[in-house]
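The values are calculated or read from the model by the stated rules, or taken from the named source; none is laboratory data. Just so you know, these numbers come straight off a predicted model, no measurement behind them. Note: ideal-geometry Cβ built from the backbone for every residue, glycine included; neighbour counts use all protein chains shown. Note: areas computed on protein heavy atoms with side chains; ligands, DNA, RNA excluded. Shrake-Rupley method; radii C 1.70, N 1.55, O 1.52, S 1.80 Å.
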Amino acid sequence: MSVSAIGGTREDMVGTAITSVGNTRGGPVRIPADRYWSAEFAEREHAHVWPRVWQVACSLDHVSQPGDIFEYRVGRYSVIIVRGRDGELRAFQNTCMHRGNVLCTGSGQEIKNLRCPYHGWMYDLRGQLTGVPSHKGFGENLNQEALALPPVQVDTWGPMVFVNLDPSAISLAEYLESVPQESSWLDLDSFQCYATIKTEAPANWKLVADGFSETYHLQALHREMLGSVDDIDASQQIWGHTGVSHQLYGVASPRLIKSDDQTIWDSFIITQGERMGITESCPAPEPAEGKTMMSVIADRIKRHHKESKGIDLDRWKSREIMELHQYNIFPNLTVLMTADLLQVLCARPGTTPDEAELVGMSFERERAGQERTRPLDVELPMDQASFGFVLDQDIDVLTDAQRGVHQPGFTHLNLSCEEARVINTHRNLERYLGIEPSEITGGPTPEGSN
Ligand code: FES
Ligand SMILES: [Fe+2]
């Protein structure tokens, strides 16, 4: 599939391998701007997207023990994820079959039953109705079996727990396409979640997710990164619901006219020095004969993990530590992975189309013999939440980005083939909402328009 196909339909894009730089024959891909603020469009997403897609709800560490429960909310939908006494993971719609009150809020441990706080109907951890107070009032033919909690599909990929409200949806394995197989060498099962941060973002959920779906913005928004990443040769691949970008760190961007080892070292410290345990600028170590700055940084990351955390990364080669794989799973999931890190970002709709909820989940390789334990979950206002130097820049731009898309002269986004994963989000949205591609691109771009 050639680069020029990127401007076409979703079917055209499936299986497409592209590099960051290239031309889209026929001009940019135009996407209507009102998808980012229209209440009517948001309502269509609530009706036709969120109840039908696989989405990350929590980590395995949130529900590792029998009796663990976790409430997942997306927009108006709420799902209870339960680890049963038999060790099975199950999920249910969070609604009591009496008069629809939600059964539980938040999360819990060592739970034996789910008891509705309104009138006291009781369910076991398999979702079966087991107790109805003043039973006689419902007549002799109350069929408790028929009043089990509505089940929700639940499955895992590595340490991530996914749910899908649609009982007839394709399996998670099918939905994730080639991604689990392509990333299997990373042994995701050995990552454990130690913390999550949730914050309100002042932008549409797609605007948040889009920022994690392209590297085109590195040269402007993340200039500090250019000393330590090759953003130009980062290859991308699009499947159907999924896409990926592979970015090599520990080398300078070809965009920089002048760079040396100190440039690479300084840039890496500023943008992700905590991976090496170094956050203050210092002279770059001299690479040994035949070694590069990339392998120096990889060795420092290994040493830091071994000395300060007892995590052994010796089985990984330098490139496996220094190449970041950024997977985007429709509609709202970004998974960042290298041999030493796993970070999950979920953008969910907020109360209005101008608001979103951003959840970041941080994982570490398990230490020998360490059981899964409940992560630290924090919820913070945006000005107090920190996701790291680079992601904070992504978040800081959201207020202005959302304000801009409202301007009456801005009718369409104009997307490059470098933004293929953003385009793919829209191609999938159109499929779920039943929008024909011809309706959106709307024929030739008017002269001088957006
Ligand atoms: S709504 Fe749950 S018991 Fe009445
Ligand atoms: Fe970014």
Within the stretch 144-161, considering residues that are surrounded by 10 or more Cβ atoms within 10 Å (Cβ to Cβ) and assigned to a helix (DSSP H, G or I), the one modelled with the highest pLDDT: Leu147
Can you tell me which residue in the stretch 215-273 is nearest to ligand 2 (Cβ to nearest atom), limited to those that are open to solvent by less than 40 Å² (accessible area, probe 1.4 Å) and hydroxyl-bearing (Ser, Thr, Tyr)? Thr215
Evaluate the following for Asn141: is it assigned to a loop (DSSP other than H, G, I, E, B), touching a Phe, Trp or Tyr at 6+ places or on another chain (Cβ under 7 Å), of a type outside the set (D, E, K, R) and free of Cβ contacts under 8 Å to residues at least 24 places away in the same chain? no
Are there any pairs with C-beta distances below 7 angstrom linking a residue in the stretch 254-283 that is in contact (Cβ under 8 Å) with a residue 24 or more places away in the chain to a residue that is open to solvent by 90 Å² or more (accessible area, probe 1.4 Å), with the two at least 6 apart or on different chains, and if so which? Asp266/Ser281
Part of a loop (DSSP other than H, G, I, E, B) and within 27 Å of Gln181 (Cβ to Cβ) - does that describe any residue in the stretch 293-311? yes
For the stretch 189-214, how many residues are under 26 Å from Asn428 (Cα atoms), touching a strand residue (DSSP E or B) at 6+ places or on another chain (Cβ under 8 Å) and in a helix (DSSP H, G or I)? 5
In this structure, is His135 away from ligand 2 (no atom under 16 Å from the Cβ), in contact (Cβ under 8 Å) with a residue 12 or more places away in the chain and open to solvent by 30 Å² or more (accessible area, probe 1.4 Å)? no
For the stretch 178-214, what are the residues that are open to solvent by 30 Å² or more (accessible area, probe 1.4 Å) and either over 25 Å from Gly240 (Cβ atoms) or not small (Gly, Ala, Ser) (or both)? Pro180, Gln181, Glu182, Trp185, Asp187, Asp189, Tyr194, Ile197, Lys198, Glu200, Pro202
Give the residues of the stretch 84-98 that are over 16 Å from Thr130 (Cα atoms) and either of a type in the set (Asp, Glu) or within 16 Å of ligand 1 (Cβ to nearest atom) (or both), sorted by residue number. Asp86, Glu88, Gln93, Asn94
Sole miss for Gln128 among (1) closer than 30 Å to Gly369 by Cα; (2) touching a Leu at 6+ places or on another chain (Cβ under 9 Å); (3) open to solvent by 50 Å² or more (accessible area, probe 1.4 Å) is condition (1)
